Structures are given as structure tokens and as C-alpha cells.
1. Among the residues of region B:251-297, write down those that are among the small types (Gly, Ala, Ser) and more than 13 Å from chain A (Cβ to nearest Cβ).
2. I'm trying to understand the selection: among the residues of region B:64-86, which are open to solvent by 40 Å² or more (accessible area, probe 1.4 Å) and at the interface with another protein chain (Cβ under 8 Å from one of its Cβ atoms)?
3. Only residues that are touching a Gly at 6+ places or on another chain (Cβ under 7 Å) and of a type outside the set (Ser, Thr, Tyr): list them for region B:50-65, please.
4. Examine region B:3-11 for a residue that is touching a helix residue (DSSP H, G or I) at 6+ places or on another chain (Cβ under 6 Å), more than 14 Å from every other protein chain (Cβ to nearest Cβ) and open to solvent by less than 50 Å² (accessible area, probe 1.4 Å), and state whether such a residue exists.
5. Do any helices (runs of 4 or more DSSP H) entirely within region A:1-110 hold 1 or more residues that are away from DNA strand D (no atom under 16 Å from the Cβ) and without any contact (Cβ under 8 Å) to a residue 60 or more places away in the chain, and if so, which?
6. Can you name the condition, by its number, that A:Ile63 falls short on among (1) more than 12 Å from DNA strand C (Cβ to nearest atom); (2) over 20 Å from the mean Cα position of the chain (by Cα)?
7. Which numbered condition trips up B:Thr18, out of (1) more than 14 Å from chain A (Cβ to nearest Cβ); (2) more than 10 Å from DNA strand C (Cβ to nearest atom); (3) under 27 Å from A:Arg56 (Cα atoms)?
8. Can you tell me which condition B:Glu252 does not meet? The list is (1) free of Cβ contacts under 8 Å to residues at least 40 places away in the same chain; (2) touching a Cys at 6+ places or on another chain (Cβ under 7 Å); (3) among the acidic types (Asp, Glu), and all the others hold.
There are 2 protein chains.
Amino acid sequence: MTVDLRAVAEASGVSISTVSRALSGSPRVSPTTRQRVEKIAASLGYRPNVVARGLRTRQSNLIGLVIPNLVSFTFVQLFSDLQRGFREHGYEIVLSVTNSDPEQELASFQTLRGHQVDGVVVIGSYEVSTEYLRTTGLPAVHLFRPPERPAGDCITIDDVESTRSSIRLLAEKGHRRIAFINGRDPETMDGYRVALAEAGIPFDDELVHVGGYNTDTGIAGVDKVLALDDPPTAVYFGCYETWLSGIPRLQELGRTVGDDVSIVCRDDAPMLRWWRPSITVTDVEVGRIAGLAISRLLDAISVRTAGGRTESGRYQVSAKLIERDSVVELSAS
Amino acid sequence: MTVDLRAVAEASGVSISTVSRALSGSPRVSPTTRQRVEKIAASLGYRPNVVARGLRTRQSNLIGLVIPNLVSFTFVQLFSDLQRGFREHGYEIVLSVTNSDPEQELASFQTLRGHQVDGVVVIGSYEVSTEYLRTTGLPAVHLFRPPERPAGDCITIDDVESTRSSIRLLAEKGHRRIAFINGRDPETMDGYRVALAEAGIPFDDELVHVGGYNTDTGIAGVDKVLALDDPPTAVYFGCYETWLSGIPRLQELGRTVGDDVSIVCRDDAPMLRWWRPSITVTDVEVGRIAGLAISRLLDAISVRTAGGRTESGRYQVSAKLIERDSVVELSAS
DNA sequence: TTGAAAGCGGTACCAA
DNA sequence: TTGGTACCGCTTTCAA
């Protein structure tokens, strides 16, 4: 039924070893033999059993991707880019979604390791599970949110700068009452403060709403700032969850995006591109992150194969501002 | 470094075979030995090497999931449900996205088979690649769009009925000019026709726009029907791609969803739930599909393990109407 | 109830 | 350049 090395060997009249060498591009095979073997292997439809090979070579050509969810469009893009990139190097991805649950994350690592994945790309990473990665020595790369004691290289976003550029844009368009709605993240908050300071706008606690990374935060934030006597003319949403609920909430409360209130969001999605007015966002260049993640992980894997152990480095990628139509110039009143 | 059976055996003072039996719940081990071995294995942090086991037992405990994209929210949910379900049975998912490209699909199957996946769940399936599945005998289940000559059980949606119920809802609310925008799919079209007939509404070709499964179709469709002398009071969008672009287009052309034009969409997404007014949809019960897919595939796998071969059956799942706020009663004029 | 040994499909060393 | 053979970690007869 299944065509293995032995079948090819018999059909070509050489030994299994020779077939193995011929097919894996070893120089220790005569060109003639190689050609013949390759031909026969192809005609028989031979496909190497990656599992058997892996048992011997101690590598599975499998990479684990461990992420909190697949709802955020950035993660979807990331998966797509990582899959394409890793395939070029002969790796397939085993995807594991953790729902931001530490236990599920740890379980993912254990299962993945049981399947002998050669390395993992992780977004999230709680302390327990990171500890597991460290002790097992499984090559790893952390994306977006680095744990305190990382198990491998960390690739992060320049959150300060991405927020700062968004707020600066709003300030340049004449906005001075700029609301800030986000999950709890000090760096993003810093970016907001810095940009305000640069624009000479006083910080006003009333315009800020910080909660969890969920839709409730978006609703509560919008409700809070719109109830103000001196409501904002612009709103900055720091993450997917907040804008997903926050923008509709603005509408529901009778505000028209653009005309009544300018908006900048972080984390792009197809919807934001399509909506009218289309929404201005800052978004991460997922392709760059993916590329970096791939090269760092492959590096870590080869270092480990060689028996080495590296210090974990840090790489920061900046987000770029994509100007669309949700920010309008505020006429001097 | 890595704890294998031998390590556990040495630590427990029994043979490898005994440890294997003890740990895999074989009855041919004394309770005493079993307990001791289990304890030692746990203390050593033993984790079976799934790869080695797979080589021996000819099963990888890996399932391939082959889908066109991860953009459609239905697919994301599906992955999530399948992952949860398969894990309960000890399987992990290797995800492969094809971008609706026949070549990528075929390549996915080949790669997946190289990794010895025990079976595949497929959405899409072109003829060439399905042929590959059939000839290799890889257990498979087709979801949503069955190929002409399937390689395994097919689980489909009752497209006629889902569309029919949507149109019926609109008709009941007094709409008689109901536009239909969708990709090319005869069954959905049938549902539209049937529902119109049932409501005594004449079919009007001008209200229909059928194109590819892409955002262009949404735009073109909306443009076409709004340009009519007697424009529709309601629009039915048959798929994600059309509503994603179509709803914003309606807005752009000055129509307010609900007030000016009622809407029903197929394929739910978080956005539709959040938007104001929230959008009425028909959506598939992904959980049921996933459950069915899992049981059918597991069945096919065990049949194949037993050396058998089954006829491929068909299962149809109905979509349900989720009424929200985008459909308004049309006052008799 | 236990252990020895064969073998799953490859790779890689060693000898020829 | 080729073939023989041990071995990767585990399961599974077969004997004891």
C-alpha cells in the first residue's frame, strides 16, 4: 500500500542506504544512480515518512504556534505569514489556541512537545508555562507580549511610538479633547501622555478609560467620555476589543464617526478598511514580525541542535499609521 | 535530557515492556507494579514520544484541517470547535490554509500525508486534490462544499432553506422589493425563488446580482440595485464577502440600515452582532457541524485501521435565523 | 505477570 | 560509490 524506501530500493536494484542518500541529496552517490533512483521514486509516488525520519534525526519539522485566539485579525495574518515562511524551510505548523488561559497554554506546550515540535512561536506566555519552556529547553520565540523571564527571543511592538503617532495626528488636526480607551498597558498610556505633552495639551484623567482587553471596556469607555460636560472630539481605541464595541456604541449614542467624533484605532481588520468612513489605524507590519520570528526561531533550533544555548535577545518592530477617513480637521471654533 | 521508557524502566527496576504496559493501561501488569511505575514515571516527568509510538502503531494522532482561509469567522469558530473536540480524543490539529488555490490544496494533502496525519477535514476540495485523497485512501470528511466525487462523508448546509427563511422573514415584514446579492450558488438562488413564490412576490431579475465570492460582488450588487427606478426596500447578502463590502456601500450611498433598507446576511461575525443596528443573519450551528465532522472522521479512521472501506454518506445541517435589528416592518404605503 | 526481541521507516556510521 | 547494520522510542508478539 504505502511506498517506502525499501520498495524504491527493490525497484531500483540498489540498497536502502543508497536510495536514502540519493533522495536526500548526499554527495556520496553517483549521478547516474541518483537520477535513476529519483525517477523510480517519483514514478512510484514515494513520499518520505517524516515521522520515521524524525525519530532518527530527532526533529519533526513541526513548529508549534501558540496564540490566545484567532479572532484578532492580526493573529490571522500572522498565522498566514508564518505558515508561508516556515513552509519554505520545510516546516509545518501545529496551531494551538489558548483562549488566554494559563492552563491551556501549559497544556499546549506539553502536547506540542509530546509531538516533538522543533520549536514554538508564542503569544501570551504566562509565568508557569514559560518556566516549562525554559526547563525543557524547547526553542521558543515570544511575540507581542514578552514574559518577565522569557524562554527565547522576544519580538515586541513599539507601543509607545505607535500610540504617540496616533495622538499626534489627532492633535495636528486640531483636536485637544482626545479620549483614550484601552486595556491595561502602561506603554500605550505613556505614548498617549508623551504625545499630549508634545502638543501642549494638558492630561485629563476624565478622558481616559482603561480596563480589560474586552468589549466591555469599549462600551464603558465610550459611555464615560460622552457623558462629560466637555466631551472629546476624538477617540483613540488601543485594541481590537475596544473598538469592536466602542465604535458601534458611539453610533448608538448618536455620534457620527468623522463628523461628530474623529477616531484612530490600533489593530487593523478588513472591516475598518471597508467601513464608511474608513477608519484610520496604526497597524503592525505583520510580515516583518513573521519574518523575524522565523529567522530567530530557526536560529534557536539550529543552536540547540548543535547543543548550544543562547541568551534571549529583544527585537522591537514599529507600527505604522494608515491614514483613512475617520479623522477630520477640527475647525477652529 | 529526555525521559524515555528506558529511563523509567531503569528507575523502577523492571523491563521496558512492563513499563509500556503499565503506562498504557494494559491488564497484563500487576496492580502493584503499575502503581509503582506510574509514580516513578510521573516523578521523572515522563511524556511518551508520540512520534515513536506513531511509527509503531501507524497513527500520528494528528488531524489535518484544510480550509480556504481564516478570515471568515465561521471557519475560525470551526477550527476552535474542532480543536476542542479532537483533543478530547487525543488528536492535535495541523492547520493548512489554501487560499482557495487547487495547487496549494493538493500540496497541503501531500504534506499532511507525509506527516502521517490520521485523517483530514476539508473545506473546498477541487477535483485533483480530492482524487489524491481517494487514491491514497486517507480518511477524509468534506465540509460545506462537497466535490462531485467525494473522498469521504460530506457535511453540508441546507442552503435552500437558510435562504428561504431569510427571505420569508423579509416578506413577512412587508417587503416586496428584496434584492439578492451572492456568489454563484444555485441552491441559495433556489431558496430565494421559492421564498418569493411562497410570498406571492414576482421574481425580478433586476434585483438579483450574482458574482464571485469576493468583495467586488458586494459593491457591484449594491450599485446595481440602488440605481433602479424602483429600488429594493431590503437586501439579502448571501455570503461574508458580499456583506463586508455591501453594507458599507449602502451607507456610502446614503442609505441607513434599518430605516432606509432592511438587511439579512448569511455568515455571522462579531461585527454584525455589535454594529448598530445589529444585523440579522442566518448562521450555521458550527458546533453541530464540528461534532458531526469529528464523529464521522473518527469513524472513517477506525474503519480504515480495521482495513475496511466505506461508502461516503451525506449529512445536512440547517442554518438558523438569528433575528437582530436590521429588519424593520415596512409600513403599508 | 514479566522480559527478550522484532520491527515501524528512516538515517548514518563503518567497512568494503 | 555502495551495502550492511545499529539505532531512534515505542508497541507487541512470543516465551518463560
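The values are calculated or read from the model by the stated rules, or taken from the named source; none is laboratory data. Small disclaimer: the values here were computed from a predicted structure and weren't measured. When we count neighbours, we look across all protein chains shown, and the Cβ atoms used for this are built from the backbone with ideal geometry, even at glycine. Areas reflect the complete protein model, heavy atoms only, side chains present, ligands, DNA and RNA absent. Shrake-Rupley method; radii C 1.70, N 1.55, O 1.52, S 1.80 Å.
1. B:Ser262, B:Gly287, B:Ala290, B:Gly291, B:Ala293, B:Ser295
2. B:Val71, B:Ser80
3. Residues of region B:50-65 touching a Gly at 6+ places or on another chain (Cβ under 7 Å): B:50-51, B:60-61, B:63.
Residues satisfying the conditions are B:Val50, B:Val51, B:Asn61, B:Ile63.
4. So far as region B:3-11 goes, yes, one or more of its residues are touching a helix residue (DSSP H, G or I) at 6+ places or on another chain (Cβ under 6 Å), more than 14 Å from every other protein chain (Cβ to nearest Cβ) and open to solvent by less than 50 Å² (accessible area, probe 1.4 Å).
5. On the way: elements: A:5-12, A:16-23, A:31-44, A:50-57, A:73-88.
Passing ranges, in order: A:31-44, A:73-88.
6. All conditions are met except number (2).
7. (2)
8. For B:Glu252, the failing item is (2).
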